[in-house]
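Chemist: Before I ask anything, let me first share the structure, which is written out below as C-alpha cells.
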Amino acid sequence: RKEVEQDPGPFNVPEGATVAFNCTYSNSASQSFFWYRQDCRKEPKLLMSVYSSGNEDGRFTAQLNRASQYISLLIRDSKLSDSATYLCVVNIYKNDMRFGAGTRLTVKP
Amino acid sequence: EAQVTQNPRYLITVTGKKLTVTCSQNMNHEYMSWYRQDPGLGLRQIYYSMNVEVTDKGDVPEGYKVSRKEKRNFPLILESPSPNQTSLYFCASSPSGTPLSNQPQHFGDGTRLSIL
C-alpha cells in the first residue's frame, strides 16, 4: 500500500459543480496534512492546511478523518480557474513529508 | 520579497558529469527539502534538513547528496548523474519542520534536469 494515495482522475466537471477529492494515508501517527495546488509545469502552492476539526476557506473545505485515515477537499461552485492538479501532503513520520501523486481537475464552461 | 530561488532552471548534461543545483531562501526558514517530480509518481522527497548541519534522507535519496552549511542554502549534488535522474526538481522551505507546527512549505520555481 502506498503511504499517500490519491485518485489520479482526471475529474472533468462543468462550471458551478461541486467536486470532492479524497486522499488516504498509511501512518496513523501522521500529524500534519495539507492540500496544495499545482498548475502545469509550475511549483506547488499551498491551498490550505487541514485541521482536525475541519476548515473552510471560501469555496474550499478540507476535512480530516483520523479513524479512516483520509483527508478530503471539497470545492463548491467550481470556476474555470480551479483547473489544476491537487496534491495532498502528509507527514509520514518525523519530518518526512510525503506527497500524493495528485488529482487532476478540469473545469469546463 | 520572500522566496525560494533555485538555479539553474534548466540543465541538459551528460552521464557522469557532476552537477550541483543550488537552492536559497531569504525567509530565515529552518526546514529545507528537495523533491523530484516524475509523471504518475508525484513529488518524492529526496533529502530534507531540519537546520544547519542537520540533514536526513527522504523517500528517494540514492544518487544524491546535500549539505546545509548555512541556514539559507541547501544545494543538491549529483556526483555521477545518470539518465534515471532526469526529472523536475523542487526545493522547498518552511519555518520549522516540526510536525506539530503544521507549517506549509514554500517552493522554488523548479529545475528541469535532463541527463543524456
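Chemist: Under 13 Å from a label point 7 Å along Cα→Cβ of A:R59: give me every residue in the stretch A:75-109 with its amide N that close.
Modeler: A:75-84, A:106-109
Chemist: Just need log10 I(q)/I(0) for chain A at q = 0.12, 0.22 Å⁻¹, Debye formula, equal scatterers on the alpha-carbon atoms, no solvent, rounded to two decimals.
Modeler: -0.37, -1.21
Chemist: Near the amide H of B:G58, under 5 Å away, which other amide H atoms are found, from residues 5 or more places off or on another chain, if H is placed in the peptide plane?
Modeler: Close amide H contacts, sequence-distant or interchain: B:Y47, B:Y48.
Chemist: Starting from the 7 Å offset along Cα-to-Cβ, what nm value, one decimal, do you get for the label separation of B:E53 and B:S67?
Modeler: 1.4 nm
Chemist: Additional query: Roughly what % of Cα-Cα distances in chain B sit above 23 Å, to the whole percent?
Modeler: The proportion of pairs with Cα distances above 23 Å equals 23 percent.
Chemist: Are there trypsin sites (Lys or Arg not before Pro) in the stretch B:5-80 that DSSP puts in a loop and that have at most 14 other Cβ atoms within 10 Å, and which ones?
Modeler: When the trypsin sites (Lys or Arg not before Pro) of the stretch B:5-80 are filtered for loop state and at most 14 Cβ neighbours within 10 Å, B:R9, B:K17, B:K18, B:K69 remain.
Chemist: Shifting gears a bit: Highest GNM mean-square fluctuation, chain B, Cα pairs closer than 10 Å: which of B:L78, B:L41, B:L19?
Modeler: B:L41
Chemist: I need the trypsin sites (Lys or Arg not before Pro) found in the stretch A:1-84, filtered to DSSP loop residues with at most 16 other beta carbons within 10 Å of theirs.
Modeler: Those that pass, being in a loop and sparsely packed, are A:R1, A:K2, A:R41, A:K42, A:R59, A:R66, A:R76, A:K79.
Chemist: Note down the nm distance, to one decimal, between modelled labels 7 Å out along Cα→Cβ at A:D7 and at B:S80.
Modeler: 4.6 nm
Chemist: Here's something else I'd like to know. I want to verify the translational diffusion coefficient of the protein assembly as shown in µm²/s; compute it with Stokes-Einstein, Rh as the Kirkwood radius over Cα pairs, at 4 °C and 1.567 mPa s.
Modeler: 72 µm²/s
Chemist: Using a Cα-Cα cut-off of under 13 Å, which aspartates and glutamates could be cross-linked to B:K18, ignoring same-chain neighbours fewer than 8 residues away?
Modeler: Straight-distance partners of B:K18: B:E79.
Chemist: Sticking with this structure for a sec: Where in the stretch B:53-96 is the amide nitrogen less than 18 Å from a point lying 7 Å along the Cα-to-Cβ axis of B:T15?
Modeler: B:63-64, B:78-87
Chemist: Further question: Please list 3J(HN,Hα) in residue order for the stretch A:42-48, calculated via the Karplus relation 6.51 cos²θ - 1.76 cosθ + 1.60 where θ = phi - 60°; whole Hz, with x for glycine and proline.
Modeler: So the Karplus estimates, Gly and Pro as x, are 10, 6, x, 10, 4, 8, 6 Hz.
Chemist: Using 0.36 nm per residue, how much length does the chain from A:A17 to A:R66 gain when fully extended, once their Cα-Cα distance is taken away?
Modeler: 14.9 nm
Chemist: For the stretch B:10-89, run through the GluC sites (Glu not before Pro) and keep only the ones in DSSP coil with at most 13 other Cβ atoms within 10 Å of their Cβ.
Modeler: Answer by residue number: B:E53, B:E62, B:E70, B:E79.
Where a number appears in this text, it was derived from the coordinates with a stated rule and is not lab data. Because the structure is predicted, anything quoted here is derived from the model rather than measured. Please note: Cβ atoms are built from the backbone with ideal geometry, for glycine as well, and neighbour counts cover all protein chains shown.
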